[in-house]
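*Asks:* Shown below is the structure under consideration.
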Ligand SMILES: *Cc1c(COP(=O)(O)O)cnc(C)c1O
């Protein structure tokens with residue numbers, strides 16, 4: 001079986017985790033600070049606050065950026081549910097924008113349309129989907145013009161770049177996930193990055209039960225801390241991130257070379273100025289169900305990221321989004337299927353994936 005994703009762990013992670021276990025410092029500890037500093041510096045941000053998950057980081061990022069009850073936050077309709085759920089956690093209201101069918105990311109044109117119709121939108125939460133950054137020139141122009149708070153969900157974009165600038169350095173605050181399927185992992189884990197000391201301080205406080213001193217709590221906080229065990233894994237994983245991303249790009253290049261000429265498949269397309277780090281390699285096909293069946297029979301893992309627009313999730317239907325229809329996202333949800341692209345694939349695996357798909361289209 002060729003899996004759709006798998007973490008790559010070697011002796012270095014094992015050694016460091018054993019050190020943490022022997023030290024007795026399982027929760028708090030020096031690796032958490034080290035990981036925060038090293039990850040923030042790798043991306044190019046001043047401050048990092050490590051968290052228990054990417055979702056936890058999103059929640060506190062929004063709170064620390066000042067999002068509260070009743071605020072409208074504009075976001076993409078095509079993502080993992082965590083990005084829009086974080087808005088709900090703050091009792092704020094997601095406003096969904098449509099996507100660009102070619103890049104799968106939020107459409108700058110539709111952002112502007114929604115901003116014109118909803119002058120009270122306070123913030124924009126963008127997701128750099130599959131490892132490809134959003135169209136940042138246009139988005140930054142709108143952020144300035146409409147005076148928005150910008151939050152970047154980089155859970156799929158560790159080291160992705162737009163015109164040489166890293167995802168995670170554009171917004172007021174940005175968020176990463178280290179779930180095992182992501183480009184690097186800490187088991188469960190996340191981090192938020194910011195240039196702003198006040199956002200960092202509020203976030204650090206919120207993830208630790210809002211404690212100002214020991215047993216003095218002024219605001220409602222959470223236990224969203226990253227463990228020292230997770231951080232020890234993260235420190236080692238970070239050293240390999242560039243190499244992992246290069247391998248993902250090579251794998252993607254191979255898949256595109258082999259598959260792009262097949263009638264019936266549209267391979268991922270992106271301009272030169274983007275450094276795509278291929279968290280996912282997602283193609284568009286018309287007969288997805290049958291292709292999926294064929295992949296399954298040949299023991300090739302795949303994923304449907306994502307089968308429905310966020311506003312069509314039962315949870316969101318109940319929240320009065322059931323009348324909403326955005327045409328590009330509706331279209332894309334029916335066609336997408338992700339193939340394995342992770343750095344653990346061998347040349348043989350890659351050839352098998354390609355051959356099995358060619359066989360189907362013959
Ligand atoms: C994985 C992911 C998250 C959530 O991260 P967790 O660490 O699983 O909580 C949020 N947004 C996107 C786009 C993701 O892919």
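Values quoted throughout were computed directly from the atomic coordinates according to the rules given, and no laboratory measurement underlies them. For clarity, every value in this text was computed on a predicted model and none was experimentally measured. Because the Cβ atoms are built from the backbone with ideal geometry, glycine has one as well, and the counts that use them run over all protein chains shown.
*Asks:* Assuming R0 = 22 Å, can you tell me the calculated FRET efficiency for the pair residue 91 and residue 324, based on Cβ-Cβ distance, to the nearest 0.05?
*Replies:* Working: r = 20 Å, r/R0 = 0.91.
Working from the Cβ atoms, E equals 0.65.
*Asks:* Stretched out fully, how many nm does the piece from residue 358 to residue 308 gain, at 0.36 nm a residue minus the Cα gap? Can you show the working numbers first?
*Replies:* On the way: separation 50, 0.36 × 50 = 18.00 nm, distance 2.73 nm.
15.3 nm is the gain from fully extending residue 358 to residue 308.
*Asks:* Related question: How far is it, in nm, from the label point at residue 348 to the one at residue 197 when both lie 7 Å from their Cα along the line to the Cβ?
*Replies:* Taking the simple label geometry, residue 348 and residue 197 are separated by 5.7 nm.
*Asks:* By how many nm would the segment from residue 209 to residue 1 grow when fully extended, if each residue of separation counts as 0.36 nm and the alpha-carbon distance is taken off?
*Replies:* Values: separation 208, 0.36 × 208 = 74.88 nm, distance 4.33 nm.
So the chain would gain 70.6 nm between residue 209 and residue 1.
*Asks:* Picking from 315, 62, 241, which is most flexible by a Gaussian network model of the chain using Cα springs under 10 Å?
*Replies:* Result: 315 has the largest fluctuation of those listed.
*Asks:* Out of all DSSP beta bridges in the chain, what portion is antiparallel? Express it as a percent rounded to 5.
*Replies:* Among the beta bridges of the chain, antiparallel pairing accounts for roughly 60 percent.
*Asks:* So, one more: Let me have the relative contact order for the stretch 242-361, percent, based on Cα pairs under 8 Å that are six or more residues apart.
*Replies:* Details: 136 pairs, mean separation 44.2, N = 120.
Taking the mean separation of contacting Cα pairs over the length of the stretch 242-361, I get 37 percent.
*Asks:* For the chain, set up a Gaussian network in which alpha carbons nearer than 10 Å are linked by springs, and say which option among 299, 152, 38 fluctuates the most.
*Replies:* Its mean-square fluctuation being the largest, the pick is 299.
*Asks:* Springs between alpha-carbon pairs under 10 angstrom, Gaussian network model over the chain: which of 319, 150, 193 fluctuates most?
*Replies:* In this elastic network of the chain, the residue with the biggest mean-square fluctuation among 319, 150, 193 is 319.
*Asks:* Which value in nm describes the separation of the simple spin-label points at residue 18 and residue 113, placed 7 Å from the Cα toward the beta carbon?
*Replies:* 5.9 nm
*Asks:* Averaging sequence separations of C-alpha pairs under 8 Å and six or more residues apart, then dividing by the length of the chain, give the relative contact order as a whole percent. Mind showing how you got there, number by number?
*Replies:* On the way: 761 pairs, mean separation 83.1, N = 362.
Taking the mean separation of contacting Cα pairs over the length of the chain, I get 23 percent.
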